[in-house]
Amino acid sequence: MLWRLKIAVLVLTLALLASCGGQSAKTASPPPPPAANAPGTPVYVLGAGDSLTISVWKFDDLKRTVQVDPSGDIIFPLAGRVQAAGMTPDQLRQDLTAKLSKYYVDPVVDVSITSLRSAAVHVLGEVKSPGTFTLDKQMLAQEAIAKAGGFATSADENKVILVRSDREAARVYVLSLSLQGLEEGASDYRLVLLSNNDILYVPPDKITDTARFLQKLEAVITPFITLGRGIIIGDQVYKVFHATGSAGIVVAP
């Protein structure tokens with residue numbers, strides 16, 4: 001009877017040790033890589049004045065809160081001066097990971113935004129108070145229009161132009177922001193949720209010459225676009241304003 005009791009105690013002890021070992025293994029696992037942006041999540045492009053918190057798993061002494069300087073760079077231990085302006089936080093994370101890989105094996109870098117002082121959206125055209133507004137939180141296109149005083153009486157709410165820049169060009173989209181358009185789901189949520197440096201241009205409800213209007217549009221938005229990027233206005237955008245395209249959202253190729 002006594003030997004059975006000893007065996008039971010031994011089995012229980014081994015089970016507890018295995019359980020503790022499993023827990024310690026979980027604790028020692030590195031954090032998962034950042035998840036890809038979910039649909040509708042704006043991708044912020046960093047700029048001068050933005051503050052970032054950068055950390056490296058297991059190396060607490062490397063944790064820093066840094067600010068993007070006027071030249072667009074940050075300074076981080078071992079990596080030195082690193083360009084941040086014009087990059088997304090994930091692109092900067094990948095760049096820092098590559099640089100720190102010279103000193104550490106498989107470093108796990110995390111880049112989080114502390115404050116976005118450079119982020120802004122521009123609302124132009126047929127609104128009551130056109131201007132540039134700070135993007136200090138997630139903002140819908142409708143909210144940006146409201147910050148600009150709302151639509152003017154001459155506005156075409158069904159053909160609001162969104163200009164969004166990427167690394168190659170500024171691409172033109174058409175959104176339906178009228179109450180009817182929103183209820184019918186005509187506008188893609190990924191585009192209605194604004195990103196840094198987006199331009200909203202509200203056209204007039206009466207356009208007699210589409211080609212001339214698009215030329216004027218290009219002249220108006222060009223000063224707000226980073227140098228070196230072209231503006232892509234596709235044929236489908238022309239068709240929408242020429243009343244031959246479908247309502248809702250149009251994406252320039």
List the helices (runs of 4 or more DSSP H) inside segment 142-253, counting only whole elements, that have at least 2 residues being surrounded by 15 or more Cβ atoms within 10 Å (Cβ to Cβ), modelled with pLDDT under 80 and touching a strand residue (DSSP E or B) at 6+ places or on another chain (Cβ under 7 Å).
189-192, 235-241
So, first residue in contact (Cβ under 8 Å) with a residue 40 or more places away in the chain and farther than 14 Å from Ala170 by Cα in segment 195-219, second residue assigned to a strand (DSSP E or B) and among the β-branched types (Val, Ile, Thr), Cβ within less than 6 Å, six or more apart or across chains; the pairs are Val202/Val127; Val202/Val160
Given the structure, is Val111 among the aliphatic types (A, V, I, L, M), in a strand (DSSP E or B) and either touching a Phe, Trp or Tyr at 6+ places or on another chain (Cβ under 6 Å) or not assigned by TED's automatic domain parsing to the domain that holds Phe76 (or both)?
no
Inspect segment 87-99 for any residue being assigned by TED's automatic domain parsing to the domain that holds Ile207, basic (Lys, Arg) and either under 14 Å from the mean Cα position of the chain (by Cα) or farther than 15 Å from Val45 by Cα (or both) and give the result as yes or no.
no
Matching entry among Leu116, Leu124, Leu62 (being of a type in the set (A, V, I, L, M), closer than 20 Å to Leu162 by Cβ and over 20 Å from the mean Cα position of the chain (by Cα)):
Leu124
Can you work out which of the residues in segment 24-83 that are touching a helix residue (DSSP H, G or I) at 6+ places or on another chain (Cβ under 8 Å), surrounded by 15 or more Cβ atoms within 10 Å (Cβ to Cβ) and not in a strand (DSSP E or B) is modelled with the highest pLDDT?
Ala79
Which condition does Ile113 not pass, out of (1) within 30 Å of Lys216 (Cα to Cα); (2) surrounded by fewer than 16 Cβ atoms within 10 Å (Cβ to Cβ); (3) among the β-branched types (Val, Ile, Thr); (4) touching a residue at least 12 places away in the same chain (Cβ under 8 Å), if it passes all the others?
(1)
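The values are calculated or read from the model by the stated rules, or taken from the named source; none is laboratory data. This structure is a prediction, so every number in the text was calculated from the model and none was measured. In this analysis, Cβ positions are derived from the backbone assuming ideal geometry, glycine residues included, and neighbour counts consider all displayed protein chains.
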